[in-house]
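The values are calculated or read from the model by the stated rules, or taken from the named source; none is laboratory data. The shown structure was predicted, so the numbers you read here are calculated from the model rather than taken from an experiment. Cβ placement follows ideal geometry from the backbone for every residue including glycine, while neighbour counts extend to all protein chains displayed.
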């Protein structure tokens, strides 16, 4: 068998990479170059090769929290129904789990993390607390109590300038200036091209994790006014460690955009970024939250019952007639 046949055989193999689980109830599965179908025994990934014909790899739907479908994947309607019935988020993503083309959130998960995000976003003091924790997580340093958002922006700018200078000197790059101009893309330096490409890929990963948790991509704490504000917030946590060193390392590359995406996919596996990103978002929105306190399905069966809002206790049971119960001013 020649080298070309070997390469074709490797490309035809399924890529089903189970990433480490954050807890027993939270796991991610990336699937690529396969067709996901519903069979009599469950959901399977079908792979067809000339040598072996059609092979089936069972997918443990009951234990999956999120499935990432790569560009070489197709899925049948019945298989999608099974994922939804098992409360699994399905994300349509790029190669290796980067980029994000859309998602189908698990229909019966609670909105616990969305609720905490919205409450913190709507309160200026709590929003500043989250922004401060983001800075501390990003640069691994504490911020003095009472630091304003203006001061945080200044500190962030100082740290990033210093990092640019450090990486430029380390890689022998002439004085570097960050530039992103889609209208003049071909004239950008290799570092700028690599950085823009790597950042775009990182945004996709962050968007997939945010979608799985049920949070809003638009409710940012540092960024504001865009549909992806929270995506930018989360991705910024990892740029100093991941995309910036990668971009400067590609300063003499003839194809910086492509190499940046390939290397970032490799780093995602190396650093196990997806489960870490889940933990970090949870810690930002609810410091000290129990890692095992994952979302549970709302209600039972195909028609879950939502809770009702109560300003004193947070929520009361839905599906209950409260006409005969005491209310404020009438005996409560």
### Query
Just checking, which of 203, 135 is touching a helix residue (DSSP H, G or I) at 6+ places or on another chain (Cβ under 6 Å) and at pLDDT 95 or above?
135
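Table: residues versus (1) in a loop (DSSP other than H, G, I, E, B); (2) under 30 Å from residue 123 (Cβ atoms); (3) not assigned by TED's automatic domain parsing to the domain that holds residue 249.
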residue: 162; (1), (2), (3): no, no, no
residue: 177; (1), (2), (3): yes, no, no
residue: 186; (1), (2), (3): no, no, no
residue: 209; (1), (2), (3): no, yes, no
residue: 233; (1), (2), (3): no, yes, no
### Summary
Turns out the strands (runs of 3 or more DSSP E) fully within segment 50-151 with at least 2 residues that are within 30 Å of residue 315 (Cβ to Cβ) are 66-69, 89-93, 100-104
### Query
Tally time: how many residues in segment 49-74 are touching a residue at least 40 places away in the same chain (Cβ under 8 Å) and under 22 Å from residue 213 (Cβ atoms)?
5
### Identity of the residue in segment 268-292, in a loop (DSSP other than H, G, I, E, B) and modelled with pLDDT under 85, that ends up surrounded by the fewest Cβ atoms within 10 Å (Cβ to Cβ)
288
### Message
Quick test for you: out of 318, 329, pick the one residue that is loosely packed, with under 11 Cβ neighbours inside 10 Å, at pLDDT below 75, not in a helix (DSSP H, G or I) and not assigned by TED's automatic domain parsing to the domain that holds residue 84.
### Response
329
### Query
Has segment 219-229 got at least one residue that is part of a helix (DSSP H, G or I) and without any contact (Cβ under 8 Å) to a residue 24 or more places away in the chain?
yes
### Query
Just one of the numbered conditions (1) over 19 Å from residue 97 (Cβ atoms); (2) at pLDDT 85 or above; (3) in a strand (DSSP E or B) is not true of residue 41; which one?
(3)
